[in-house]
Structures are given as C-alpha cells and as structure tokens.
Amino acid sequence: MEEEKIVSLTTFRSAGEYFAFETIRIRHILENMKPTSVPLTKDYILGIINNHGNMIPVVDFRKITGAKNYEENTDDSSIIVVACEDNGGEQLVSFKVDEVDDVLNCNIDDISKEVIYEVEPNVQKALTGTIKLGDKFIYTVDIDTIAKVIEQ
C-alpha cells in the first residue's frame with residue numbers, strides 16, 4: 001500500500017480568489033501595515049517593512065496577479081512573510097493579501113496539476129495546481145517561482 005504524501009497549505013483570499021502557500025515556508029502573518037515606499041520600483045511593490053531587523057519587500061498580491069477590481073484595504077487585510085530559496089540561502093519576501101483564510105492538510109494527489117485561473121503570463125507559471133474544496137477553487141502558488149517574477 002502506497003503511503004499518502006500530506007502537505008500543509010495556508011490559504012488566503014486575494015481579489016475574490018483563493019490561493020495557497022506551503023505552510024512550512026511562511027515565517028510570519030502580520031496585521032496590515034503601511035510599508036515604507038521605495039522610489040523607482042514596480043507598481044506591485046508597495047514598499048518595505050522592518051520585521052525583526054529584516055528589511056522585507058511587500059508585494060501586492062492583487063497587483064502582481066493582474067486583478068483589476070478590488071478594495072484597497074479591508075479589516076482582514078494581512079501581510080504574509082514567506083521564505084524563498086536564494087542561491088542556497090533564504091530570502092524573505094512578503095505579500096499583502098485580502099484575508100488569510102485557513103490551514104489545510106491535503107494529500108498531494110488531491111491537488112490537480114491543471115490551473116483554470118488565468119493571471120499575468122509570468123505569474124501563471126507560479127500557479128502549480130488547483131484544489132477543489134466545496135464550492136471554491138484554491139490555486140497553489142510556488143513561492144520560489146513567484147519570487148523570481150518579483151526580481152525581474
């Protein structure tokens with residue numbers, strides 16, 4: 001009998017859609033705060049925050065995925081700080097999202113490799129799968145791939 005491969009995912013909402021990061025890669029979930037703006041950066045980079053002495057860029061997840069109609073801030077807006085692989089080391093980046101939703105433990109085989117949600121082409125390759133949970137679809141996001149998009 002084959003052993004199940006379980007992965008823990010933290011789900012969040014952004015512009016009316018649900019996405020998920022691997023829980024093991026999340027370092028902090030912070031209340032929404034105003035980052036310090038940095039001149040001459042891409043429009044989806046809101047600025048930087050100081051978290052425990054680390055200067056971390058804040059990326060608006062809605063803007064990087066190309067969402068058009070959304071509320072700028074909600075009472076549930078949060079910043080998710082994640083760890084990316086960077087030349088064998090760890091680099092922190094954060095994403096402003098509309099709401100952190102839940103933590104799911106699911107079998108890797110239950111994640112479909114098909115992604116029916118279309119976003120900006122360079123972000124599309126960071127969407128690695130889809131989970132159907134009740135009446136909602138949750139799109140899994142590869143943190144290292146989306147971090148490379150941010151650096152471009």
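Only residues that are among the acidic types (Asp, Glu), open to solvent by 40 Å² or more (accessible area, probe 1.4 Å) and in contact (Cβ under 8 Å) with a residue 24 or more places away in the chain were counted across the stretch 87-99, and they come to 1.
Apart from one condition, ILE48 fits all of (1) open to solvent by 30 Å² or more (accessible area, probe 1.4 Å); (2) in a loop (DSSP other than H, G, I, E, B); the exception is (2). Going by what's in this entry, would ASP144 be described as closer than 30 Å to GLU3 by Cβ, open to solvent by 60 Å² or more (accessible area, probe 1.4 Å), touching a residue at least 60 places away in the same chain (Cβ under 8 Å) and not in a loop (DSSP other than H, G, I, E, B)? Taking the combined requirement at face value, the residue does not satisfy it.
The residue of the stretch 124-141 that is surrounded by the fewest Cβ atoms within 10 Å (Cβ to Cβ), among those that are of a type in the set (D, E, K, R) and not in a strand (DSSP E or B), is ASP135. Among the residues of the stretch 31-61, the one identified as among the basic types (Lys, Arg) and more than 16 Å from ILE146 (Cα to Cα) is LYS34.
Which ones in the stretch 1-50 are touching a residue at least 12 places away in the same chain (Cβ under 8 Å), closer than 30 Å to ASP110 by Cβ and among the acidic types (Asp, Glu)? Passing the criteria: GLU4, GLU17, GLU22.
The values are calculated or read from the model by the stated rules, or taken from the named source; none is laboratory data. Predicted model, so just to flag it, every value in this text is computed and none were measured. Cβ coordinates were reconstructed from backbone atoms using ideal geometry, including for glycine residues, and neighbour counts include every protein chain displayed. Only protein heavy atoms, including side chains, enter the accessible area calculation; ligands, DNA and RNA are left aside. Shrake-Rupley method; radii C 1.70, N 1.55, O 1.52, S 1.80 Å.
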